[in-house]
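See below for the structure under consideration.
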Amino acid sequence: MNNKPTSQYARRAAFLYEFLTGEDLVQPPDLRGSYIPVLDSDRNLAASVVENEIRISKWKVINNMPGTRFFCPAIPLSKRLVEAFNYNISRHYDEIIEEFGAELLSRSASWLTTRESRASFDIEKESGATNRIQRFAQVIATWTGYNVPPSLGAALQTLTRQRVAFYLSSDWPVFRKPFWATQL
C-alpha cells in the first residue's frame, strides 16, 4: 500500500483487509484518486449503491459489498443469475392467471399448503393441527390468484399480518409463541 498508494487494487485490498478482519491499517499520507467501487458489479453480485453510497474516505472506495464482515457472500454473476434477476414475475403471474383462472390457482395453493403442512406435522409427530392447517391454507388461498402478487408492497404487509395472526391464534401452544407475541 505504501509503495503505490494511488493504486486501485491496493486501496481495494486495504479496505477488504479491514472489512474482513476488523483490524485498522495505517493510511498512507499521500493517498489520492477517485472513489472506486470495491466490487466490479459487472462480474460480481454487489450491493446497490444508487441512493446512499457508502463512501470510505480512508481508502477512497465505495463499499458495495453485499453484506457485513460477518456474512458477505461472494457471488459471481453468471448468465443464469442475471436472467433470474431480470425475470418479470408480474408479467408471468398475469399470464398464469389468464391461462388457468384465479379460482384454480387459489384451490391449488390451498391443496398444496394443506398437503405440505400435514406432512410437516406428521414428520414432527404433532397431532391435532387440522384446524390450524385449514386456517393457514385459507390465508394462502385468499391471496393466490385474486390479488397482486403477494411480494408487492401493501399486499405483502397485509399477508404478513394475516400469517402472524394465524400463528398467534388461541390453539397455538404458549411455549411456541415468539417472544414478541405479547407486544402485538
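Miscellaneous remarks
- Partners of Lys58 within straight-line reach, counting aspartates and glutamates whose Cα lies under 13 Å from its Cα and excluding those fewer than 8 residues away in the same chain: Glu18, Asp24, Asp30.
- Per residue, the stretch 1-97 exposes an accessible area of 72 Å² to a 1.4 Å probe, with every protein chain left in place.
- Sulfur and carbon atoms: percent of accessible area, the stretch 1-132 [1.4 Å]: 53 percent
- Net +/- balance of residues flanking Trp59 in space, Cβ distance below 9 Å, scoring K and R +1, D and E -1: +3
- Binned Cα-Cα distance frequencies in the stretch 1-47 - 5 Å width, integer %: 4, 21, 26, 26, 14, 7, 1
- Available extension along the chain between Trp111 and Thr142 is 9.9 nm, counting 0.36 nm per residue and deducting the alpha carbon span.
- The stretch between Asn88 and Phe71, if pulled fully straight at 0.36 nm per residue, gains 3.3 nm over its current Cα-Cα span.
- Cα Rg over Rh - the stretch 56-120, Kirkwood: 1.25
- Gyration tensor (Cα) of the stretch 1-108, equivalent ellipsoid semi-axes in angstrom: 43, 13, 11
- Each Cα pair under 8 Å and six or more residues apart adds its separation to the average, and for the stretch 28-104 the resulting relative contact order is 27 percent.
The values are calculated or read from the model by the stated rules, or taken from the named source; none is laboratory data. A quick note: this is a predicted structure, and the numbers were derived from the prediction, not measured. No Cβ is skipped: glycine too gets one built from the backbone with ideal geometry, and neighbour counts run over all protein chains shown. Note: accessible area is taken over every heavy atom of the protein model, side chains too, but ligands, DNA and RNA are not part of it. Shrake-Rupley method; radii C 1.70, N 1.55, O 1.52, S 1.80 Å.
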